[in-house]
1. Using Cα pairs closer than 8 Å and at least 6 residues apart in sequence, work out the relative contact order for the stretch 153-216, in percent.
2. Given labels modelled 7 Å from the Cα in the Cβ direction, how far is it in nm from residue 20 to residue 95?
3. Using only Cα atoms, tell me the angle between helix 161-171 and the longest principal axis of the chain; keep it within 0 to 90° and round to the nearest 10.
4. Sort 60-66, 162-168, 127-133 by packing, meaning the average of other beta carbons within 10 Å per residue, with the highest value first.
5. Considering the chain as a Gaussian network with a 10 Å cut-off on Cα pairs, which listed residue, 58, 137, 21, attains the greatest mean-square fluctuation?
6. Between 0 and 90 degrees, rounded to the nearest ten: what's the tilt of helix 21-32 against the longest Cα principal axis of the chain?
7. Please determine, in degrees from 0 to 90 and to the nearest 10, the orientation of helix 118-129 with respect to the longest principal axis defined by the Cα atoms of the chain, where the helix direction is its Cα long axis.
8. If you bin the C-alpha pair distances of the stretch 153-216 every 5 Å from 0, what whole percents do you get?
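Each value in this text was obtained by applying a stated rule to the coordinates, not by laboratory testing. Being a predicted model, the structure only gives us computed values, none of them experimental. Using ideal geometry, Cβ is built from the backbone for each residue, glycine included, and neighbour counts are taken over all protein chains shown.
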């Protein structure tokens, strides 16, 4: 799912966690050219990445999976435990189903495949910042195929009309503020609806809610 939300005029503080020197350099240079991005630093392994995140408190962490000392999935879990408002954008060459799902389950807000365009990375940043989820088109289908809807049909049928409207917008990748604007409701009301949807569908996050919606035919 992708959002078209633009980045704020306030610079996003970004930490890069990547062990390949060439990729480090390329990312730092390309991101630094963006007027709304401030690169705080670069970490060469997951352990240092966690330490730097705790010290610098970035808005976004660009995280590789295959890292020395502490892998990106474990590093993501540790960062999210202490900095729940810091968003993690996975940028990895790994496209194995298990690692993708593990990364998202660990708290990653977006997943991009190395070699993606700067524009796609900016879209991932914007989605994460606005509370939506960004999945690289190369791996989105893997996620859809892997996650099985845990909800029973009778629970799906209990969704109200308003919840169905909110669910459709979740599938479209819209954040809570965007959904609130579309439906002319307050963000807090949308949060309540989202919680109700996840409870009724027996899912833990928005990605799984979207999967259930698509697989059950609730949303086309």
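1. This gives 39 percent for the stretch 153-216.
2. My value for the distance between the label points is 1.4 nm.
3. That works out to roughly 30 degrees.
4. Highest mean packing first, the order is 60-66, 127-133, 162-168.
5. Of 58, 137, 21, the Gaussian network model singles out 21 as fluctuating most.
6. So the helix axis and the longest Cα principal axis differ by about 70 degrees.
7. 60
8. With 5 Å bins starting at 0, P(r) equals 4, 20, 35, 26, 12, 3, 0.
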